[in-house]
4 protein chains.
Amino acid sequence: MSAMSPVRLQATEAADQPTVTPALERLYRGFEEELLVPLWTEIGDLMPVNPRSRAVPHRWEWGSLLRLAEQAGEIVPVGRGGERRAIALANPSLGGRPFATPTLWAAIQYLMPGEDAPEHRHTQHAFRFVVEGSGVWTVVGGDPVPMNRGDFLPQAGWNWHAHHNATEQPMAWIDGLDIPLQYLTEAQFFEPGRDELSHAERTTPERSRSERLWGHPGLRPLGAPAPSPGSPLLSYKWEFTDRALTDQLALEEQGYGGTVEPGHAAVRYANPHDGSDVLPTIRAELHRVVRGAETAPVRETGSSVYQVFDGSGVVTVGDHSWSVTRGDLFVVPSWEPLSVRSEAGATDSDSGALDLFRFSDAPVFAALHLHRTQKDS
Amino acid sequence: MSAMSPVRLQATEAADQPTVTPALERLYRGFEEELLVPLWTEIGDLMPVNPRSRAVPHRWEWGSLLRLAEQAGEIVPVGRGGERRAIALANPSLGGRPFATPTLWAAIQYLMPGEDAPEHRHTQHAFRFVVEGSGVWTVVGGDPVPMNRGDFLPQAGWNWHAHHNATEQPMAWIDGLDIPLQYLTEAQFFEPGRDELSHAERTTPERSRSERLWGHPGLRPLGAPAPSPGSPLLSYKWEFTDRALTDQLALEEQGYGGTVEPGHAAVRYANPHDGSDVLPTIRAELHRVVRGAETAPVRETGSSVYQVFDGSGVVTVGDHSWSVTRGDLFVVPSWEPLSVRSEAGATDSDSGALDLFRFSDAPVFAALHLHRTQKDS
Amino acid sequence: MSAMSPVRLQATEAADQPTVTPALERLYRGFEEELLVPLWTEIGDLMPVNPRSRAVPHRWEWGSLLRLAEQAGEIVPVGRGGERRAIALANPSLGGRPFATPTLWAAIQYLMPGEDAPEHRHTQHAFRFVVEGSGVWTVVGGDPVPMNRGDFLPQAGWNWHAHHNATEQPMAWIDGLDIPLQYLTEAQFFEPGRDELSHAERTTPERSRSERLWGHPGLRPLGAPAPSPGSPLLSYKWEFTDRALTDQLALEEQGYGGTVEPGHAAVRYANPHDGSDVLPTIRAELHRVVRGAETAPVRETGSSVYQVFDGSGVVTVGDHSWSVTRGDLFVVPSWEPLSVRSEAGATDSDSGALDLFRFSDAPVFAALHLHRTQKDS
Amino acid sequence: MSAMSPVRLQATEAADQPTVTPALERLYRGFEEELLVPLWTEIGDLMPVNPRSRAVPHRWEWGSLLRLAEQAGEIVPVGRGGERRAIALANPSLGGRPFATPTLWAAIQYLMPGEDAPEHRHTQHAFRFVVEGSGVWTVVGGDPVPMNRGDFLPQAGWNWHAHHNATEQPMAWIDGLDIPLQYLTEAQFFEPGRDELSHAERTTPERSRSERLWGHPGLRPLGAPAPSPGSPLLSYKWEFTDRALTDQLALEEQGYGGTVEPGHAAVRYANPHDGSDVLPTIRAELHRVVRGAETAPVRETGSSVYQVFDGSGVVTVGDHSWSVTRGDLFVVPSWEPLSVRSEAGATDSDSGALDLFRFSDAPVFAALHLHRTQKDS
């Protein structure tokens, strides 16, 4: 019965629609009964001239996030059920779902002193990025990886992982995952792990074993086969990222280029095994814009989430513009032009550059031959 | 104001949820206000142990589709606005949207005698498959490609294309596209083309130029560079598909294997340039199950749409089971086990095999390292 | 002792050489003693401005080859020791070694009525091409493959293979291998096989099983995994090659291009599994030049061997020029310009095109990023 | 005339050869006349059961090489003609040619105080490795790259390069190239460059621009496209190599593996752009064997050259065995088993490990599907 069908078709008098007649109404009732929808009522939404994102540009202030995470730390236990004390950004126009963009999940995760987040694994590709704090170790496949300000920790799908806070301080960081993409494409598997980590896994080394094997520039360990998919290097320490950006800007100053555009240095986190993106579905980068510089507006298919790692500035995404400062997060929907200006914030006297951590779904678009970029002039 | 927020959080007394307290309620109101959603209320839906598709298995009967398409042919004009007289399958549990599965579009397209479907191009990857009829030519990049029963015509994104019916008969066929995937990931571009095809484009050759260049087994034309992405071969004629399946079954009979399993032959349509899938986001295959044979149940991540090309049988997808006959379509959601039995239909005395055309989103899953298969025993 | 050293250094008074002094002579004796050679005496030979091949252009007449092969058929047995009755082209300037070019082996192979060439396998990649005759089956991995005029039969390294002549006529064909390349790089393994083929392997089907699985345009058998390396298709029958070339020339005539240059059609034999060259070290092509047409001179790094499959013409390679007719073979050394003119031969009234089979070491150059082409104007 | 033919065929009475008869002799004269060689007289040499290298294992003592290079420094000018003061290892069984192995060139290069080696470029892929000394800068594509003990400097074909010695000391290092391979396959191009470097190119920075862009672990510069082929990183400094090896041995000691075998750490120099070998035809590695450890014998297709970077030990290659110490070079022909024992040398009291630099033609074998390894038990 059409009355029960989820399909609802409304004949309208719009110029590009068929003339409303009793025959058309009968046809539409027939479509509803047979679970059919004609292209002509949907094409404008489904096949737009340019991507028109269902997501909107939005900014979250770090202060508010952190304050709520702290409250959650006090009243919500970590453990089976929730598994993680993670609080996700919900794009205002995505129906209240915990989707920062249609494909990306971004959350603040919070661990209290002495707490463990239990071991599990899932097909969702994930990473952590630390805007402040230290004291937590992520244990990936038995390898404890320290987390400190500026570190980027990728973790490809289906690796066992847990976290433990070895200090007397709580710690917060951001998690990025492809949860929405895998939710939409329906590719997810999940498995809970052991109840407790071993003694060796609860050690707190300064460098993970993955870094000792894979963290040397241009050098591949002959005795350690690279896992697939995703990067075998489990931490990209801030020390190296900072130095790479400093080097690029120095080269530019000396007249040799090396930056993306004047005053704008950037590195991509890469898989040392094959140079590809660190995760099959997520690209991650760190951008540095020197004080006073402004980036040219760029549109890109696919969406991004940014977090201000340091400095202050003004970000413009399409029709939106915000002042941002350390820790603030914002999203750039597909094909919305983005431009960034680095400038001293209202409340700080910081003279440094604006450092922006970025992650996006670009590898998905590249793999499917759907990636496009356009510089707006 | 939380009152305006799309986020709605309901504290519940479930065993795996935090204890409901005034503090928790305040926390949830804070989350709503700041557009945040905690993982612990969502993990069961977002990160299931196995993929739990929002789509359900469903079958559409060809007779009903064709009848409605014929009615549409009489009362709905082809042209600017609708561009195509295409009527899409709407999976019963996907909210009435024209999505056969979360990633795939499947529609019946219908063209009246002498009609043209106007030229356009889009990033969505598409194909046509002809279950019956003939008389229409698809013009892809200026190359008229005939359409006849059993032919498979891939057409990678961003190629100009139009259709013209050169006969005195209407014609119907099915279209497959990745419209839902590109809708969800927001990658779409669309451009209308010229108002009329040239005289040369309205010719009706028996073979397209693409077939004359690329349709010879194992032979690559040195003077014709392959376009990217997608197959340079614009038609896979039934004659060859049928012969390949016949050959496989003959080899099996002679004791040499070559089939997928006993009584089950299958070919994948492949890009002759590099052996990859014909389209970056769509895999297409033709399966033949001999009368009396039954395929072993298989689960796969990702979803598929099938059309019965010939013969009759019984299809079981998860808890659903249907008798199917020529032209019927059905969908297999992610991770639902599928099994097919070939048997004579109620109304026919056909002694032949059950031929099933299939298309799926498998290349997406393969590219993102998310493909899994499981044989249920 | 220097007297025993293979190194011999001669100080000379040439302008680009060090002044001859007693000190230099002492130095050279020291080099000889320690097995050292200075770059300055060798650079002209080792690092020329352009490749200067040690091979020279040369043509072999088919009539003479065939006559000698027939004589060998009468007096030289096939069997252990020789394994094959194969007689190889020896480039005049490669020291009398059986090397058609520095990397390629080309031989005429001859099998008497009822004879078998014993089973063996080797890492050398090989193929057969049939300029005339029929009646022999090559058995590759248990699959009997018929050989008829115009067929191209690739066979990647390390596959077991044997031949048997099932007719009452002797048969000849050409073999191409990468024997010189593997000799120079020292990569060879060889293993003798069983003494006799099984009854099933001595059958004489018209199509090999490989053709029944892989010989359908753009269709991949789902139940038959592709071996690696090299093509899973063991015969490229003349019927398809001829049709592909005919199609290209017809397209050109209709104004659609598709040929390499006017009057010059060409196909490359490709691996249907991935579109790559049929063999990891050998590229094979069939070129058709219509009567009266002439190809533009082209230089290429790497070397080629050609055989006239049909027609007559004049071939120019560097400073050499020959009339060629059916069966004649010639070699094109690295960077020598080649041009071909199709014209009626002195002794025939053939009105057809000049068909040239070609094989080369191009995949080696492509894989090592050493491939260059230059059109001489 | 057969008398002039380079082909010489000798009928013999060997068991696997045709019976010597007048007919056979006539046949052989016919072969000679027509420039043909039968397989049956050559198969044992051309198609051996295992690779039998024309090269032999050999060791060169660094002291002797350096002494002769110093003498060459005094009496042989660098400059047009020689271009480089490079003195190459000549394998004793390769006819006195400057070929360390059939595919690899290894030379000691020597530059006097203030000298320049002129700019040129060539298709041969090259690298430098510094066993001792410092003070020379290699200028690759305008980028001055310092050379110090332990540094590895790859330089892919067709890049402009020159050297200048900025100090008051002479300096020596080793060059590795694929000169023999390109000589045999005839792929070489060479072009002389400018007569003098610019002022900027004669600067002496501590780090090259390539290192500042590409020398950060796992980080790719977004503004600097990678050249192709070969590594964009022009120096792999000893500091990082040493640390990587130290890390591997520490992991092994802590029970986590990471080494190739007990007491044997190793890294491969990798292209940071795609993880491939640093050069299309040359693989380079650094192996560290702790004092007292011995590596298991391994055979590999393809050949290698080793240089002792530090420590002492005993090397066994097939039937040869030598004591080696800092700077000594030795070659391992194809399929000869190699084993290394680390032990204190006769003349030193060094307590450290044996560090071995290695380069090989393995990428060639991998690209052509000809790579094989075998552990002898």
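Only one of (1) at pLDDT 95 or above; (2) polar (S, T, N, Q); (3) not assigned by TED's automatic domain parsing to the domain that holds residue C:192 is not met by residue C:12, so which one is it?
All conditions are met except number (1).
Evaluate the following for residue B:288: is it modelled with pLDDT of 95 or more and closer than 22 Å to residue B:100 by Cβ? Steps first, answer last, please.
Values: modelled with pLDDT of 95 or more: yes; closer than 22 Å to residue B:100 by Cβ: no.
No.
Taking region D:282-298, which residues are over 18 Å from residue D:371 (Cβ atoms) and not in a loop (DSSP other than H, G, I, E, B)?
D:286, D:287, D:288, D:289, D:294
Does residue C:36 satisfy the criteria of being closer than 26 Å to residue D:183 by Cα, touching a residue at least 12 places away in the same chain (Cβ under 8 Å) and buried (at least 20 other Cβ atoms within 10 Å of the Cβ)? Before the answer, list the steps.
On the way: closer than 26 Å to residue D:183 by Cα: yes; touching a residue at least 12 places away in the same chain (Cβ under 8 Å): yes; buried (at least 20 other Cβ atoms within 10 Å of the Cβ): yes.
In short, yes.
Select from region C:91-119 the residues that are facing another protein chain (nearest Cβ under 7 Å), in contact with a strand residue (DSSP E or B) (Cβ under 7 Å, 6 or more places away or on another chain), crowded, with 23+ Cβ neighbours inside 10 Å and in a loop (DSSP other than H, G, I, E, B) and list them in ascending order.
Once the filter is applied, which keeps residues that are facing another protein chain (nearest Cβ under 7 Å), in contact with a strand residue (DSSP E or B) (Cβ under 7 Å, 6 or more places away or on another chain), crowded, with 23+ Cβ neighbours inside 10 Å and in a loop (DSSP other than H, G, I, E, B), region C:91-119 yields only C:98.
Being charged (D, E, K, R), within 7 Å of chain A (Cβ to nearest Cβ) and assigned to a helix (DSSP H, G or I) is the filter; apply it to region D:240-279 and report the residue that is nearest to residue D:216 (Cα to Cα).
Going residue by residue through region D:240-279, those that are charged (D, E, K, R) are D:242-243, D:247, D:252-253, D:261, D:268, D:274, D:277.
Subset that is within 7 Å of chain A (Cβ to nearest Cβ): D:243, D:247, D:268, D:274.
Remaining after also requiring assigned to a helix (DSSP H, G or I): D:243, D:247.
On the way: D:243: 14, D:247: 17 Å.
The residue in question is D:243.
For residue D:233, which of the numbered conditions (1) more than 20 Å from the chain's Cα centre (by Cα); (2) within 27 Å of residue A:209 (Cβ to Cβ); (3) in a loop (DSSP other than H, G, I, E, B) fails to hold?
(1)
Filtering region B:356-377 down to residues that are in a strand (DSSP E or B) and within 16 Å of the chain's Cα centre (by Cα), which residue is surrounded by the fewest Cβ atoms within 10 Å (Cβ to Cβ)? Show your work before the answer.
First, the residues of region B:356-377 that are in a strand (DSSP E or B): B:356-360, B:373-375.
Now restrict to residues that are within 16 Å of the chain's Cα centre (by Cα): B:356-360.
Working: B:356: 25, B:357: 24, B:358: 20, B:359: 28, B:360: 25.
That would be B:358.
I'm trying to understand the selection: among the residues of region B:40-83, which are over 22 Å from residue B:184 (Cα atoms), assigned to a loop (DSSP other than H, G, I, E, B) and basic (Lys, Arg)?
Hit for region B:40-83 is B:80, nothing else.
Identify all residues within region C:199-230 that are more than 30 Å from residue B:288 (Cβ to Cβ), away from chain D (no Cβ under 14 Å) and outside any helix (DSSP H, G or I); write none if there are none.
To start, the set of residues in region C:199-230 that are more than 30 Å from residue B:288 (Cβ to Cβ) comprises C:199, C:202, C:229.
The next check asks that each one be away from chain D (no Cβ under 14 Å); those that pass are C:199, C:202.
Passing the criteria: only C:199.
For region A:42-90, which positions are touching a strand residue (DSSP E or B) at 6+ places or on another chain (Cβ under 6 Å), farther than 26 Å from residue A:315 by Cβ and more than 7 Å from chain B (Cβ to nearest Cβ)?
Across region A:42-90, the qualifying residues are A:73, A:78, A:85.
Any chance region C:78-99 includes a residue that's more than 24 Å from residue C:113 (Cα to Cα), touching a helix residue (DSSP H, G or I) at 6+ places or on another chain (Cβ under 6 Å) and not assigned by TED's automatic domain parsing to the domain that holds residue C:303? It would help to see each step written out before you state the result.
Going residue by residue through region C:78-99, those that are more than 24 Å from residue C:113 (Cα to Cα) are C:89-99.
Add one more test, that the residue is touching a helix residue (DSSP H, G or I) at 6+ places or on another chain (Cβ under 6 Å), and what stays is C:99.
Then keep just the ones that are not assigned by TED's automatic domain parsing to the domain that holds residue C:303; that gives C:99.
The answer is yes, given that some residue of region C:78-99 is more than 24 Å from residue C:113 (Cα to Cα), touching a helix residue (DSSP H, G or I) at 6+ places or on another chain (Cβ under 6 Å) and not assigned by TED's automatic domain parsing to the domain that holds residue C:303.
Would you confirm whether any residue within region A:299-322 is out of contact with any Leu (no Cβ under 9 Å at 6 or more places or on another chain) and aromatic (Phe, Trp, Tyr)?
In the first step, residues of region A:299-322 are kept if they are out of contact with any Leu (no Cβ under 9 Å at 6 or more places or on another chain); the result is A:314, A:319-322.
With the extra rule that they be aromatic (Phe, Trp, Tyr), the set shrinks to A:322.
Yes; the residues of region A:299-322 include at least one that is out of contact with any Leu (no Cβ under 9 Å at 6 or more places or on another chain) and aromatic (Phe, Trp, Tyr).
Tell me whether region B:21-35 contains one or more residues that are modelled with pLDDT of 95 or more and touching a strand residue (DSSP E or B) at 6+ places or on another chain (Cβ under 6 Å).
For region B:21-35, residues modelled with pLDDT of 95 or more and touching a strand residue (DSSP E or B) at 6+ places or on another chain (Cβ under 6 Å): absent.
Return the residues of region C:95-127 that are among the aromatic types (Phe, Trp, Tyr) and farther than 22 Å from residue C:164 by Cβ; say none if nothing qualifies. Step through it out loud before you land on a result.
Let us first name the residues in region C:95-127 that are among the aromatic types (Phe, Trp, Tyr), namely C:99, C:105, C:110, C:127.
Once the filter is applied, which keeps residues that are among the aromatic types (Phe, Trp, Tyr) and farther than 22 Å from residue C:164 by Cβ, region C:95-127 yields C:99, C:105.
Can you find even one residue in region D:27-48 that is closer than 23 Å to residue C:41 by Cα and among the basic types (Lys, Arg)?
First pass over region D:27-48, keeping only residues closer than 23 Å to residue C:41 by Cα: none.
No, there is no match, as no residue in region D:27-48 is closer than 23 Å to residue C:41 by Cα and among the basic types (Lys, Arg).
Restricting attention to region C:281-289, does a residue exist that is more than 9 Å from chain B (Cβ to nearest Cβ), among the hydrophobic types (A, V, I, L, M, F, W, C), under 13 Å from residue C:154 (Cα atoms) and touching a residue at least 60 places away in the same chain (Cβ under 8 Å)? Steps first, answer last, please.
In the first step, residues of region C:281-289 are kept if they are more than 9 Å from chain B (Cβ to nearest Cβ); the result is C:281-284, C:288-289.
Okay, now just the ones that are also among the hydrophobic types (A, V, I, L, M, F, W, C), so C:282, C:284, C:289.
Now drop any that are not under 13 Å from residue C:154 (Cα atoms), which leaves C:282, C:284.
From what's left, touching a residue at least 60 places away in the same chain (Cβ under 8 Å): C:282, C:284.
Yes.
Go through C:104, C:153, C:89 for me and flag whichever is farther than 29 Å from residue C:243 by Cβ and either without any contact (Cβ under 8 Å) to a residue 40 or more places away in the chain or not acidic (Asp, Glu) (or both).
So the residue among C:104, C:153, C:89 that is farther than 29 Å from residue C:243 by Cβ and either without any contact (Cβ under 8 Å) to a residue 40 or more places away in the chain or not acidic (Asp, Glu) (or both) is C:89.
Could you check how many residues of region A:314-335 are crowded, with 19+ Cβ neighbours inside 10 Å and of a type in the set (Ser, Thr, Tyr)? Lay out the reasoning, then the answer.
Here is the first cut: in region A:314-335, the residues crowded, with 19+ Cβ neighbours inside 10 Å are A:315, A:317, A:324-335.
Retained after the next criterion (residues that are of a type in the set (Ser, Thr, Tyr)): A:325, A:334.
Selection size over region A:314-335: 2.
Given the options B:313, B:345, B:352, B:327, name the one that is more than 12 Å from chain A (Cβ to nearest Cβ), under 20 Å from the mean Cα position of the chain (by Cα), more than 19 Å from residue B:49 (Cα to Cα) and of a type in the set (Gly, Ala, Ser).
On the way: B:313 fails: under 20 Å from the mean Cα position of the chain (by Cα); B:345 fails: under 20 Å from the mean Cα position of the chain (by Cα); B:352 fails: under 20 Å from the mean Cα position of the chain (by Cα).
One residue alone meets the criteria, B:327.
Just a yes or no: is a residue in region A:189-206 under 26 Å from residue A:267 (Cα atoms) and either of a type outside the set (A, V, I, L, M, F, W, C) or more than 23 Å from the chain's Cα centre (by Cα) (or both)? Write out each step before concluding.
Within region A:189-206, the first condition is being under 26 Å from residue A:267 (Cα atoms), and the residues that meet it are A:206.
Subset that is either of a type outside the set (A, V, I, L, M, F, W, C) or more than 23 Å from the chain's Cα centre (by Cα) (or both): A:206.
Taking every residue of region A:189-206 in turn, at least one turns out to be under 26 Å from residue A:267 (Cα atoms) and either of a type outside the set (A, V, I, L, M, F, W, C) or more than 23 Å from the chain's Cα centre (by Cα) (or both).
Filter region A:278-313 for residues that are surrounded by fewer than 24 Cβ atoms within 10 Å (Cβ to Cβ), more than 24 Å from residue D:275 (Cβ to Cβ) and of a type in the set (Lys, Arg) and give the result.
The answer is A:291, A:299.
How many residues are of a type in the set (A, V, I, L, M), modelled with pLDDT of 95 or more and over 19 Å from residue C:101 (Cβ atoms) when one looks only at region C:312-351? Lay out the reasoning, then the answer.
Kept after step one, since they are of a type in the set (A, V, I, L, M), are these residues of region C:312-351: C:314-315, C:317, C:324, C:329, C:331-332, C:338, C:340, C:344, C:346.
Subsequent filtering for residues that are modelled with pLDDT of 95 or more retains C:314-315, C:317, C:324, C:329, C:331-332, C:338, C:340.
Remaining after also requiring over 19 Å from residue C:101 (Cβ atoms): C:314.
Count: 1.
Can you name every residue in region B:135-151 that is surrounded by fewer than 18 Cβ atoms within 10 Å (Cβ to Cβ) and on the phi > 0 side of the Ramachandran plot?
B:141, B:142, listed by residue number.
Go through (1) under 30 Å from residue B:94 (Cα atoms); (2) at pLDDT 95 or above; (3) not polar (S, T, N, Q) one by one and return the number of the condition residue A:187 breaks.
Here residue A:187 meets the rest and fails (2).
Residue A:29: closer than 19 Å to residue B:96 by Cβ and not in a helix (DSSP H, G or I), yes or no?
no
Somewhere in region D:126-136, is a residue more than 24 Å from residue D:331 (Cα to Cα) and not small (Gly, Ala, Ser)? Even if it seems obvious, please write down each step before you answer.
The first filter runs over region D:126-136 and keeps only residues more than 24 Å from residue D:331 (Cα to Cα), leaving D:134-136.
Those left that are additionally not small (Gly, Ala, Ser): D:136.
For region D:126-136, residues more than 24 Å from residue D:331 (Cα to Cα) and not small (Gly, Ala, Ser): present.
Among the residues of region A:152-187 satisfying the criterion of being in contact with a helix residue (DSSP H, G or I) (Cβ under 7 Å, 6 or more places away or on another chain) and surrounded by fewer than 24 Cβ atoms within 10 Å (Cβ to Cβ), which is nearest to the other protein chains (Cβ to nearest Cβ)?
Here the answer is A:184.
The values are calculated or read from the model by the stated rules, or taken from the named source; none is laboratory data. Since we're looking at a predicted model, the values are computed, not measured. Methodologically, a virtual Cβ is constructed for each residue, glycine included, from the backbone with ideal geometry; neighbour enumeration extends over all protein chains shown.
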